[in-house]
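J.: Starting off with a structure, shown below.
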Amino acid sequence: MSNRMWGGRFESAPDAIMEEINASIDFDRTLFAQDIAGSRAHASMLMAQSIVDQKDGEAILEGLDRIEAEIRDGSFQFSRALEDIHMNVESRLAELIGPAAGRLHTGRSRNDQVATDFRLWVRDAVDAIETGLQELQAAFLDQAEAHSATIMPGFTHLQTAQPVTFGHHLLAYVEMIGRDRGRFADARARLNECPLGAAALAGTAFPIDREATAAALGFDRPTANSIDSVSDRDFALEAMSAATITALHLSRLAEEIVIWCSAPFSFVTLSDKFTTGSSIMPQKRNPDAAELVRAKTGRILGALTTLVTVMKGLPLAYSKDMQEDKEPVFDALPTLTLCVAAMTGMVRDIVPNEKAMRRAAGGGYSTATDLADWLVREAGLPFREAHHVTGRVVAIASESGRTLDQLSVEEMKAVDDRIDERVKGVLSVAKSVASRTSYGGTAPKNVRAQVKRWRRRLDREAASGRSRKADGR
């Protein structure tokens, strides 16, 4: 028996293996809410345009309401023989209201239908990620303010470089997440066009109102080209690209948390909420939440790679290959949402070991650059000469196992007699960080100023987001 939804051209049923490879209902049922929302908007427009009469249109809308309720309460029976969410909904609608159900598909195709559903789902996912990222930034800001003057070593090549503040280090991630949010916002703005009404690829001869369906679904406008409407998956690619970069940033922080929690560092502690024990070693406290965030980055990157590979060689317009676009996205974007939530919890939970951090900040001759800068500023040396002099002073400290501020002025004068007592004012880690007052620098007062700036920005963005939601967009 041929498929009753599309089988007029066919005399026999598909082979069992064809049904197996062709069916997408196992995963595209995820789109049920978006599919029903799109069908409601389409049905209402068909009535308004007198393409479907009021009686049939109202029956369709009532049937769609009942179907959504059945899916939500778990009583809906999905059928793999009906391939996808669209046909499952339409088949059930026919059972409920009879032949009038067949009028719903007037002026549309599964091609524009799925493109619309998928955009709606990605938009919802992006909005959820945006909310999570705002909360993550707020968590960073709280910790940065509390630790604006907490000193830790700054690293390059994972070698002690210069002392910084823990608050300043955390604000680096606030900046990263800010860029991530910007990428998601850009992706959302471009995806917010409605393909519904593009039909299979050429549009339709029915007098549909695409502006009305776009507005009903919260889109800014209808898409302008019917071929591009059903061919495009840029909206998913952009969202996945933004998700991958965000996951990369979370992974970098996760790596630092793993390092900081290790016994040789002991910079921070995570509570039992975000750590696990060992089945054999009773002393262990493993930062598993951070490790899992780090690992899930590969999963999100893999999903992006899958989607790029699916789309890279497709001619216009729609190809069945595009059925493979959804599973990686359905997995990756919720995975990122989970990772963001986990990282927010860890950032709020983390307790820095200030003594260990400060002790490490003083190691590795981290104030050597401060000595070189002092020689330039106070003694008038060219920086390259100051760099050389400082290197010789560091060698003396290294040979005697002392820090720079433990050397006497006489020992340093033996290297260069232009050094005097004033140099003692720049060699401690506290004075080093306090001196870094250039815009974007690590000085505690800078950290506090940046926290205030970001909080004002988040407040403005939150107000803007509330306004957008009130407009239904």
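J.: Could you list, in sequence order, the residues of region 340-379 that are at pLDDT below 90, among the small types (Gly, Ala, Ser) and open to solvent by 50 Å² or more (accessible area, probe 1.4 Å)?
T.: Gly364
J.: Criterion first (buried (at least 20 other Cβ atoms within 10 Å of the Cβ), farther than 30 Å from Gln159 by Cβ and in contact (Cβ under 8 Å) with a residue 60 or more places away in the chain) does Ser231 satisfy it?
T.: yes
J.: All but one of (1) open to solvent by less than 70 Å² (accessible area, probe 1.4 Å); (2) assigned to a helix (DSSP H, G or I) hold for Glu324; state the number of the condition that does not hold.
T.: (1)
J.: So, one more: Within region 176-192, which residues are open to solvent by 50 Å² or more (accessible area, probe 1.4 Å) and either in contact (Cβ under 8 Å) with a residue 60 or more places away in the chain or in contact with a helix residue (DSSP H, G or I) (Cβ under 9 Å, 6 or more places away or on another chain) (or both)?
T.: Arg179, Arg183, Ala185, Asp186, Arg190
J.: Next up: Can you pull out every residue in region 188-208 that is of a type in the set (A, V, I, L, M) and in contact with a Phe, Trp or Tyr (Cβ under 7 Å, 6 or more places away or on another chain)?
T.: Matches in region 188-208: Leu191, Leu201.
J.: Still on this structure, please answer the following. Taking Asp288 as the residue in question, decide whether it is among the acidic types (Asp, Glu) and open to solvent by 30 Å² or more (accessible area, probe 1.4 Å).
T.: It is true that Asp288 is among the acidic types (Asp, Glu) and open to solvent by 30 Å² or more (accessible area, probe 1.4 Å).
J.: Filter region 137-154 down to residues that are farther than 19 Å from Ala463 by Cβ and under 18 Å from the mean Cα position of the chain (by Cα), then give me how many there are.
T.: Selection size over region 137-154: 2.
J.: Can you find, within region 437-446, the residue that is surrounded by the fewest Cβ atoms within 10 Å (Cβ to Cβ) among those that are polar (S, T, N, Q) and outside any helix (DSSP H, G or I)?
T.: Selected residue: Ser438.
J.: Let me ask something else about it. Would you confirm whether any residue within region 49-59 is modelled with pLDDT of 95 or more, more than 22 Å from Ala200 (Cα to Cα), of a type in the set (A, V, I, L, M) and touching a helix residue (DSSP H, G or I) at 6+ places or on another chain (Cβ under 7 Å)?
T.: yes
J.: Given (1) in contact (Cβ under 8 Å) with a residue 60 or more places away in the chain; (2) assigned to a helix (DSSP H, G or I); (3) aliphatic (A, V, I, L, M), identify the lone condition not met by Ala172.
T.: If we test Ala172 against (1) in contact (Cβ under 8 Å) with a residue 60 or more places away in the chain; (2) assigned to a helix (DSSP H, G or I); (3) aliphatic (A, V, I, L, M), just (1) comes out false.
J.: Against the definition (of a type in the set (A, V, I, L, M, F, W, C), open to solvent by less than 50 Å² (accessible area, probe 1.4 Å) and either in contact with a helix residue (DSSP H, G or I) (Cβ under 9 Å, 6 or more places away or on another chain) or farther than 25 Å from Ala243 by Cα (or both)), how does Leu201 come out, yes or no?
T.: no
J.: Let me ask another. Quick one: count up the residues across region 399-412 that are assigned to a helix (DSSP H, G or I) and either surrounded by 15 or more Cβ atoms within 10 Å (Cβ to Cβ) or among the aliphatic types (A, V, I, L, M) (or both).
T.: Adding up the residues that qualify gives 5.
J.: Look through Ile419, Ile396 and report the one residue that is part of a loop (DSSP other than H, G, I, E, B) and either without any contact (Cβ under 8 Å) to a residue 60 or more places away in the chain or closer than 20 Å to Ala360 by Cα (or both).
T.: The conditions single out Ile419.
J.: Another question, then. Considering only region 422-436, state which residues are open to solvent by 70 Å² or more (accessible area, probe 1.4 Å) and more than 18 Å from Ala379 (Cα to Cα).
T.: Answer for region 422-436, where residues must be open to solvent by 70 Å² or more (accessible area, probe 1.4 Å) and more than 18 Å from Ala379 (Cα to Cα): just Lys431.
J.: Can you tell me which residue among Thr246, Thr160, Thr213, Thr165 is open to solvent by 10 Å² or more (accessible area, probe 1.4 Å), touching a residue at least 12 places away in the same chain (Cβ under 8 Å) and among the hydroxyl-bearing types (Ser, Thr, Tyr)?
T.: Just a single option satisfies the conditions, and that option is Thr160.
J.: If the requirement is being over 30 Å from Ser109 (Cβ atoms) and either touching a residue at least 12 places away in the same chain (Cβ under 8 Å) or aromatic (Phe, Trp, Tyr) (or both), which of these qualifies: Asp325, Asp288?
T.: Only one candidate qualifies: Asp288.
J.: Here is a further query. Could we say that Ser148 is open to solvent by less than 30 Å² (accessible area, probe 1.4 Å), of a type in the set (Gly, Ala, Ser) and outside any helix (DSSP H, G or I) here?
T.: yes
J.: Filter region 380-397 down to residues that are small (Gly, Ala, Ser) and loosely packed, with under 13 Cβ neighbours inside 10 Å and give me whichever is nearest to Leu158 (Cα to Cα).
T.: If we take residues in region 380-397 being small (Gly, Ala, Ser) and loosely packed, with under 13 Cβ neighbours inside 10 Å, then Ala395 is nearest to Leu158 (Cα to Cα).
J.: Inspect region 305-317 for any residue being crowded, with 17+ Cβ neighbours inside 10 Å, within 37 Å of the chain's Cα centre (by Cα) and not in a helix (DSSP H, G or I) and give the result as yes or no.
T.: yes
J.: Separate question: As an exercise: evaluate His105 against (1) without any contact (Cβ under 8 Å) to a residue 24 or more places away in the chain; (2) touching a Ser or Thr at 6+ places or on another chain (Cβ under 8 Å) and give the number of the one condition it does not meet.
T.: Failing condition for His105: (2).
Condition check ((1) over 27 Å from the mean Cα position of the chain (by Cα); (2) at pLDDT 90 or above) across all residues:
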| site | (1), (2) |
| --- | --- |
| Phe10 | yes, no |
| Ile17 | yes, no |
| Asp26 | no, no |
| Thr30 | no, yes |
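J.: Report the residue count in region 72-131 for those that are polar (S, T, N, Q), under 29 Å from the mean Cα position of the chain (by Cα) and open to solvent by 20 Å² or more (accessible area, probe 1.4 Å).
T.: Qualifying residue count for the region: 2.
J.: Further question: For region 249-284, what are the residues that are in a helix (DSSP H, G or I), crowded, with 16+ Cβ neighbours inside 10 Å and in contact with a helix residue (DSSP H, G or I) (Cβ under 8 Å, 6 or more places away or on another chain)?
T.: His249, Leu250, Ser251, Leu253, Ala254, Ile257, Val258, Cys261, Phe274
The values are calculated or read from the model by the stated rules, or taken from the named source; none is laboratory data. Remember, predicted model here, so these are calculated numbers, not experimental data. Cβ: placed from backbone, ideal geometry, glycine included. Neighbour counts: every protein chain shown. In case anyone asks, the SASA skips ligands and DNA or RNA and just uses the protein heavy atoms, side chains included. Shrake-Rupley method; radii C 1.70, N 1.55, O 1.52, S 1.80 Å.
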